[in-house]
Amino acid sequence: MKAAVLVFPGSNREGDVAQAIELVTGRRPTMVWHGDGDFEKVDLIVVPGGFSYGDYLRCGAMAAQSPVMAEVKKRAAGGVPVLGICNGFQIVTEAGLLPGTLMRNSHLKFVCSDVHLRVETSQSLFTNRYQAGQVIRVPVAHAEGNYFADADTMKRIEDRGQVAFRYCSPEGVVDGSGNPNGSSSNIAGVFNETKTVLGLMPHPENAVEPMFGGTDGKALFEGMVEALS
């Protein structure tokens with residue numbers, strides 16, 4: 001699998017996700033600067049976390065207008081998988097690749113902690129190494145992770161199985177107790193209609209080695225390698 005990791009002014013997790021990809025592939029991904037309107041052919045595009053453009057205006061709104069994102073949208077339309085993590089989720093949503101929007105956390109505070117997620121489906125190239133209903137633990141670090149969509153959009157993504165992960169209790173109960181930001185329907189990650197684009201607020205790249213405190217995120221990267229190699 002050949003991957004590209006985008007880099008924006010203010011990104012700070014591009015190194016983390018590049019390390020996670022190299023861990024499971026043995027190959028360093030291509031790092032693509034936001035001002036590059038074109039880059040080599042790859043099997044996967046990753047939009048990493050951080051604070052692109054200082055989170056001014058709206059998180060991800062300025063980065064979504066970068067030259068590289070026009071190319072990402074073009075390739076995504078052609079079926080190239082795109083993974084957006086944290087600020088990357090905000091960017092791909094602002095770019096129109098995913099439904100909904102990310103707002104300020106309901107408690108108006110930055111949150112940095114481990115959370116539990118319930119995997120909603122194993123039927124995607126991103127989640128094929130998990131089981132539906134499986135509970136995993138990964139870290140979050142964000143101030144604007146409160147996922148929101150209007151009622152019609154929410155019904156559509158629920159009906160079409162576009163919810164990838166939900167915040168839950170350690171026992172897998174989805175009742176709001178494990179929700180760190182007030183996200184609608186406890187949504188932590190969503191797909192596009194074809195499940196070739198995934199955006200999620202938690203950081204699976206920071207849960208790939210025991211020294212990080214857990215390895216529950218590693219299966220996401222391993223699953224992508226299996227699906228795309």
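Taking segment 2-45, how much of its Cα-Cα pair set, in percent, is spaced more than 17 angstrom apart? Of all Cα-Cα distances in segment 2-45, 27 percent exceed 17 Å. Taking A164, A63, A77 in turn, the Gaussian network model of the chain (Cα-Cα springs below 10 Å) assigns the largest fluctuation to A77.
Close amide-amide hydrogen proximity is noted between Y147 and M103, S183, S184, each under 5 Å apart and 5 or more residues distant or on a separate chain (H modeled in the peptide plane; Pro and chain starts excluded).
Between E222 and A77, how high is the FRET efficiency from 1/(1 + (r/R0)^6) when r is the Cβ-Cβ distance and R₀ = 35 Å? Nearest 0.05. Between E222 and A77 the formula returns 0.85.
On the principal axes of its alpha carbon atoms, segment 190-229 extends 35, 25, 9 Å, with the longest extent given first. Applying a DSSP loop filter and a limit of 11 other Cβ atoms within 10 Å to the chymotrypsin sites (Phe, Trp or Tyr not before Pro) in segment 50-105 leaves Y56.
Within segment 124-153, name every residue whose backbone N is under 20 Å away from a label modeled 7 Å from Cα of M211 along the Cβ vector. Within reach of a label on M211, which here means backbone N under 20 Å from a point 7 Å along Cα→Cβ, segment 124-153 contributes 138-139. Relative to the globular-protein estimate of 2.2 N^0.38 Å, the Cα radius of gyration of segment 89-229 stands at 0.97. Have a look at A188, A149, A64 and tell me which one the Gaussian network model of the chain (Cα, springs below 10 Å) gives the largest fluctuation. Checking each option, the largest mean-square fluctuation is seen for A149. Normalised by the number of residues in the chain, the average gap of Cα pairs under 8 Å and 6 or more apart makes the relative contact order 20 percent. Measuring against 25 Å, Cα to Cα, the residue pairs K2/K195; K2/K218; K74/K195; K109/K155; K41/K155; K2/K73 contain K109/K155; K41/K155 as the ones spanning a longer distance.
For S177 and A151, the difference between the fully extended length at 0.36 nm per residue and the C-alpha to C-alpha distance is 7.1 nm. Considering only the other residues whose Cβ falls under 12 Å of the Cβ of R58, what net charge follows from Lys and Arg at +1 and Asp and Glu at -1? Around R58, the charge tally is -2.
Once divided by 2.2 N^0.38 Å, the Cα radius of gyration of segment 156-229 becomes 1.20.
Measuring nothing but protein heavy atoms, the accessible surface of the chain at 1.4 Å probe radius is 49 percent carbon and sulfur.
Per residue, the accessible area of the chain comes to 41 Å², computed with a 1.4 Å probe over protein heavy atoms only. Taking amide H as placed 1.01 Å from N in the peptide plane, V46 has its amide H under 5 Å from the amide H of A4, V5, L6, L83, each at least 5 places away in sequence or on another chain.
Across segment 1-147, Cα-Cα pairs farther apart than 27 Å form 20% of the total.
Rounded to the nearest 500, the helix-only mean residue ellipticity at 222 nm of the chain stands at -6500 deg cm²/dmol, with each DSSP H run of n ≥ 4 adding -39,500 (n - 2.57). Checking every one of the GluC sites (Glu not before Pro) in segment 21-127 against DSSP loop status and a limit of 11 other Cβ atoms within 10 Å picks out E40. Within segment 149-178, which residues have the backbone N less than 18 Å from the label spot 7 Å out from V111 along Cα→beta-carbon, could you tell me? Counting only backbone N, you get 149, 164-178.
Filter the trypsin sites (Lys or Arg not before Pro) in segment 20-121 down to the DSSP loop ones having no more than 12 other Cβ atoms within 10 Å, then list what survives. When the trypsin sites (Lys or Arg not before Pro) of segment 20-121 are filtered for loop state and at most 12 Cβ neighbours within 10 Å, R27, K41, K109 remain.
The values are calculated or read from the model by the stated rules, or taken from the named source; none is laboratory data. Because the structure is a prediction, the values reported are computed rather than measured. So basically every Cβ, Gly included, is an ideal-geometry build from the backbone, and we count neighbours across all protein chains shown. Keep in mind that these areas ignore ligands, DNA and RNA; they rest on the heavy atoms of the full protein, side chains included. Shrake-Rupley method; radii C 1.70, N 1.55, O 1.52, S 1.80 Å.
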